[in-house]
Amino acid sequence: MLEYSKQFFSELHPADFFIVGAILLFSVISFILFMAIVLSRLYHIRQAIHFERNTETINNLLLEILFNDKSYFDLMEDKMLVRLFSIPQFRAQLMESVINLHQNYEGEYAESLQKLYIESQLIADSFAKLRHKNWEIKCKGIKELTEMNIKKAYEHLVEISKSNHPILKINALNGCIKINGPQGIIHLAKHEFTIDLWTQLNIIDALKKTSLLDTQHIELLLQAKNNSVISLGLKIIQTFRLFEKQSHVEALLQHKHTQHIKEEAESLLATFTSYGKEIN
C-alpha cells in the first residue's frame, strides 16, 4: 500500500498535486464543519433539556415563595437547590422569571419576589451587569434593578447616564426616574453633555408614568449651563403645566441665553397666560 502511494504521487504532475491537495483540504474542512455542526446541535439539545428542567424547578420554587410563605433560606435546606443556585444558566432563568412576575404582581407577592431577589444575591448579578462592557447587558442590569426598585442603584445610574451611547443613556435616565420619580433627573442640572430631542422626549414620557407628586427643584434645570438641559426643563414645565414654576421661567429671561432658549421660554409664558385666561 505504501509502495502504491509512493508510485501514485511520483507520477503526478505539479498541477495534479494542486488538485489532489485541494481535494484533501476540502475534505478535511468539510469533516471539521460537519463535526462542528453535530457538536453544536448536541450542545443546543443539551441546553434545551436543561432549560426545561430548570423551568419546572423554578416554577415549583416560586410557588413555594409566593403561596406557601417559604423564604430563600428555607429553600436552601434542599442540597439540590443549593447546587442549582451556583449555576449561571439557572440563575439567569430564575432572574428572568422573577423580573417578569414582579411586573405583573403587586403588594405581598411583589414584596416576596423582591425579598427572594435580594436574599438569593440575584441583586449582585444585576450590579455585575452594570459593570459589563457590553451596553446591552448594562441595559439589562438597569432594567432588573429599577424593576426591583433598588434605591442604592441610583448613583450608578447617574454615572451611566453620562454615557455617549444614546440607548444606554435613555435607559439609565429612565431608571433614575423610575427609582426617584421627578427628583431622579435633578442631577441633570450639572450635566455637561448635550441631551438631544429624542432623549428629552423619552425623559418626559418616563415622567408621565410616575405620580409627579414631587416636582420640587425641577426649576433647577433652568439654572443649568447646558442649553439642552434648560430646554428639557422648559418642556417638562409646559408638558405638566407646572404653573407654580412661572416665576423661574420669567427669571430665566433676565439672563443672557441663546435665541432658541429665549423663544422657548417666551412661548411657555404665553402658554401660561393662555391657560390662565381659559381658567378664568
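The values are calculated or read from the model by the stated rules, or taken from the named source; none is laboratory data. Just so we're clear, the structure is a prediction, and the values are computed from it rather than from any experiment. Counting neighbours? That spans all protein chains shown, and the Cβs are built from the backbone with ideal geometry, glycine included. Surface areas here come from the heavy atoms of the whole protein model, side chains and all, with no ligands, DNA or RNA. Shrake-Rupley method; radii C 1.70, N 1.55, O 1.52, S 1.80 Å.
For Phe26, Phe240, give me the order by solvent-accessible area with a 1.4 Å probe, most accessible first, ignoring ligands, DNA and RNA.
Phe26, Phe240
With the convex hull built on the Cα atoms of the range 133-280, state its orientation-averaged projected area in nm².
Taking a quarter of the hull surface, the average projection is 8.9 nm².
What ranking do 170-178, 144-152 get when scored by the average of other Cβ atoms within 10 Å per residue, highest first?
Per-residue Cβ counts within 10 Å, averaged per peptide and sorted highest first, yield 170-178, 144-152.
I'd like the accessible area for Lys70, computed on protein heavy atoms only with a 1.4 Å probe and all protein chains in place. Round to 10 Å², please.
About 90 Å², ignoring ligands and nucleic acids.
How big is the Cα convex hull of the range 20-142 in projection, averaged over all directions, in nm²?
10.6 nm²
Using a 1.4 Å probe and counting only protein heavy atoms, arrange Trp135, Trp198 so the residue with the most accessible area comes first.
My answer, sorted largest first, is Trp198, Trp135.
What whole-number value in cubic angstrom gives the convex hull volume per residue for the C-alpha atoms of the range 71-199?
It comes to 109 Å³ per residue, whole-number rounded.
Roughly speaking, what is the stretch gain from Phe51 to Glu111, that is 0.36 nm per residue apart minus the C-alpha to C-alpha distance, in nm to one decimal?
Between Phe51 and Glu111, full extension yields an extra 19.0 nm.
Quick check on packing: order 103-111, 83-91 by the mean number of other C-beta atoms within 10 Å, highest mean leading.
Final packing ranking: 83-91, 103-111.
Once ligands and nucleic acids are excluded and a 1.4 Å probe is used, how much of Glu64 is accessible, expressed in Å² to the nearest 10?
60 Å²
If R0 is 51 Å, what FRET efficiency do you get for Gln89 and Gln223 from their C-beta distance, rounded to 0.05?
The pair Gln89/Gln223 has a calculated efficiency of 0.55.
If you consider only alpha-carbon coordinates, what radius of gyration and Dmax does the range 59-122 have, in Å?
So, for the range 59-122, Rg and Dmax equal 11.0, 31 Å respectively.
Hey, what angle do you get for helix 135-147 against the long axis of the chain, alpha-carbon based, 0 to 90 degrees rounded to 10?
For helix 135-147, the angle is close to 50 degrees.
What order, most packed first, do the peptides 51-60, 71-80 have when packing is the mean number of other Cβ atoms within 10 Å of each residue?
Highest to lowest by the protection proxy: 51-60, 71-80.
Given a cut-off of under 8 Å on Cα pairs at least six residues apart, what relative contact order in percent is computed for the range 86-213?
17 percent
Please determine, in degrees from 0 to 90 and to the nearest 10, the orientation of helix 197-208 with respect to the longest principal axis defined by the Cα atoms of the chain, where the helix direction is its Cα long axis.
70 degrees
Regarding the range 183-235, what whole-number volume in Å³ per residue does the convex hull of its Cα atoms give?
66 Å³
Above 31 angstrom, tally the Cα pairs of the chain and express them as a % of all pairs, no decimals.
Within the chain, distances greater than 31 Å cover 53 percent of Cα pairs.
So, taking all protein chains as they sit and a 1.4 Å probe, how much accessible area belongs to Ser161, in Å² rounded to tens?
Surface open to solvent at Ser161 totals about 0 Å².
How high is the FRET efficiency between Ile137 and Asn60 when r is their beta carbon distance and R₀ equals 25 Å, given to the nearest 0.05?
Using R0 = 25 Å, I get an efficiency of 0.30.
Along the positive direction of the dipole of the chain (beta-carbon charges: Lys, Arg +1; Asp, Glu -1; about the Cα centre), which of Ser27, His102, Pro166 reaches farthest?
After comparing all options, I get Pro166.
When the dipole is taken about the Cα centre of the chain, and only Lys, Arg (+1) and Asp, Glu (-1) are charged at their Cβ, what size is it in debye, to the nearest 20?
580 debye
Rank these residues by their accessible area, most exposed first, probe 1.4 Å: Leu201, Leu130.
Sorted by accessible area, descending: Leu201, Leu130.
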